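Take a look at the structure below.
The values are calculated or read from the model by the stated rules, or taken from the named source; none is laboratory data. These numbers come from a predicted model, not from an experiment. Cβ: placed from backbone, ideal geometry, glycine included. Neighbour counts: every protein chain shown. When the accessible area is computed, the model is the full protein with side chains, heavy atoms only, and any ligands, DNA or RNA have been set aside. Shrake-Rupley method; radii C 1.70, N 1.55, O 1.52, S 1.80 Å.
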Amino acid sequence: MAASYLAAGLSTPTSVSWLAYVLIGGIAGWLAHRIMKRGGSGILLNIITGVIGGFLGGMLLGWLGVDVEAGRRWFTFFVSLGGAIVLLWLVGLVRRR
């Protein structure tokens, strides 16, 4: 029972694996840094930005009623990219103050 509860908690929010999610997050984070004209970050920061951006984007789309669980790799990429751009924009607003 505890193992199935743990497995359900560790399942991905979309139909891609965790490895694909990290890879997609890294690419989305890197591209978001380029779009927002941020300096060269490292690969780790790009992955973190993309994964957190994907989480935020998926959460926002879920609140708007979009079925994020049915998304595939491209959907996950664009949600991560959009979320990463919003995340970098918010960080820029906080740093200006």
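Descriptive notes on the structure:
- From the list V86, V68, the lone residue that is over 11 Å from G26 (Cβ atoms) and either among the aromatic types (F, W, Y) or outside any helix (DSSP H, G or I) (or both) is V68.
- Pairs, first over 13 Å from A32 (Cα atoms) in region 42-63, second open to solvent by 50 Å² or more (accessible area, probe 1.4 Å) and modelled with pLDDT of 80 or more, C-beta under 7 Å, six or more apart: L56/V86
- Hits in region 53-76 (condition: more than 17 Å from L23 (Cα to Cα) and at pLDDT below 75): V68, E69, A70
- Put simply, of G71, G42 the only residue that is of a type in the set (G, A, S) and surrounded by fewer than 18 Cβ atoms within 10 Å (Cβ to Cβ) is G42.
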